[in-house]
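Throughout, read-outs are computed from the coordinates displayed, never taken from laboratory work. Predicted, not measured: the structure shown is a model, and the values here were computed from it. Neighbour counts run over all protein chains shown; Cβ positions are idealised from the backbone, glycine included.
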Amino acid sequence: MKQIASAILFLLVAMNVAAADFFCTEKSDDLFTFGVRAGVNTSNRTVNKDAAGSYNFQSWGTGFTAGVTASLNVRDYLSIEPGLFFESRSGHSSFTSDAIPTESGLCYVTQSAHRHTYNLNIPVLASFRFNVTKDVRWHVDFGPYVAFTLKSKLENKELLSTRPDLDNEVPFSAKAAPVDFGFKMGTALELYHRYYLGIHYEAGAVKAYRDQSLGGVMERIYGGRTKAWNFTVGLNF
């Protein structure tokens, strides 16, 4: 009986030590750490269904991400991590206009286009960090971001109409909103306190496009939201 009780006590102590190591509340060895990140992203920029003609579709596209981070290590398990990233994003758009009345009847215009934006993205994340092993740390991140559009381009690939004189009737020509705001969340692994592998999702919380004036008579509000997945690797210092 004493041997069983001793074994149970030893097991409980070992589990407590392991839990303490996994979620360490001690001070971090380094108050500040820095990192560089690079990788790829896949993103989408939606449009309200009733904003640009009778039919519109936005597909996911690919781009690249590169930037730096700075971590204020409040405790071993918690860091505040602002970052500065340059991002390229892309996607494909397809639109069909509402019926356009003409003397010969109703006509339609179909547009196929490729969108491309370059952004400066600034997230500020709360990063919770857990010690899986001595050389492997697991990060769980969440926080807001703000992104500034540096350049926005919409390139028509195909523009077709049921009447040639309606080719200038473009169902969609809006540019990306100058500022995007939303939330970034994700997870990462830090290996040997130096190498970094991360995956994060960004969900925009404000409308994705500039409103477009139509001859000063009315405005078309495209609405929509931005969303993206980022896959990055990096080094910490």
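Quick notes on this structure:
- ³J(HN,Hα) computed for each position of segment 145-150 - Karplus, 6.51 cos²θ - 1.76 cosθ + 1.60, integer Hz, glycine/proline x: 9, 10, 10, 10, 6, 8
- 17 Å Cα-Cα reach of LYS27 towards lysines, excluding residues that sit fewer than 8 places from it in its own chain: LYS134
- Proximal lysines relative to LYS207, as straight alpha-carbon distance under 30 Å, when same-chain residues fewer than 8 apart are discounted: LYS49, LYS151, LYS153, LYS157, LYS175, LYS184, LYS227
- Total charge dipole magnitude, segment 27-236, about the Cα centre, Cβ charges on Lys, Arg, Asp, Glu only, Debye to nearest 20: 500 debye
- Inverting the pair-averaged 1/r between distinct Cα atoms of segment 27-236 gives 19.0 Å as its Kirkwood hydrodynamic radius.
- Backbone amide hydrogens, once placed in the peptide plane, bring PHE64 within less than 5 Å of ASN41, SER88, excluding anything fewer than 5 places away on its chain.
- Burial ranking of peptide ranges 227-233, 179-185, 149-155 (average Cβ count within 10 Å, highest at the top): 227-233, 179-185, 149-155
- Most to least packed among 120-128, 190-198 [average Cβ atoms within 10 Å]: 120-128, 190-198
- Residues whose placed amide H lies under 5 Å from that of TYR209, excluding near-sequence neighbours: ALA177, GLY223
- Backbone phi angles across segment 84-94, fed through the Karplus curve with coefficients 6.51, -1.76 and 1.60 (θ = phi - 60°), yield HN-Hα couplings of 9, 10, 9, 10, 10, 10, 8, x, 10, 10, 9 Hz in residue order; Gly and Pro are listed as x.
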